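Nothing in this text is a laboratory measurement; each read-out follows from the coordinates by a stated rule. This structure is a prediction, so every number in the text was calculated from the model and none was measured. Neighbour counts run over all protein chains shown; Cβ positions are idealised from the backbone, glycine included.
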Amino acid sequence: MWSAESVVVCALTLLGRTQAQFPAIQFVDKAPAYVSRLAQAYIQDPDARIVLVTSTSAFARARRAAFECSEVEAIREIAGVLAHEEWHVLHGADEEAAYDAQLTALLYVGADQNGALYHKIMQAKQAVTRRSSRAGVLASATSSVRVPPP
């Protein structure tokens, strides 16, 4: 089984980035109760580090791959999540824009615009946009939430 760190290196490499060029990343097996149960990652304030949930199906598939970085679709999904969270670190809480960054990153790393992964993220973006317009509050469907420090 591959380490969480090696999975992230695979995702960052796919994005054309290094760990030194990216915000700090922390790993947790399970998100705390105040984070959506569907979250794959979230931002931990005040240090604006990305917290990556390692028990997600994409992460589990990437870690179980026969060869390092060989579970490409799972690595793409993680790369997209990282791009989404990085957008939040750099630009703030706008979920719609963060999802746009995620969708752009997915295309950059070779995801099929008509494929299941791209469609899943597009649906999450649309759900967040609908919920935000109804409630007037930004919330996340699958990828992130901005939470206060514990």
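Annotation note: Cβ proximity below 7 Å between a residue of the range 88-99 that is within 15 Å of Pro23 (Cβ to Cβ) and touching a residue at least 60 places away in the same chain (Cβ under 8 Å) and a residue that is small (Gly, Ala, Ser) and part of a loop (DSSP other than H, G, I, E, B) (sequence gap 6+ or interchain) occurs for Val89/Ala48. Among the residues of the range 87-101, just one is closer than 18 Å to Phe27 by Cβ and either surrounded by fewer than 24 Cβ atoms within 10 Å (Cβ to Cβ) or of a type in the set (Ser, Thr, Tyr) (or both), namely Val89.
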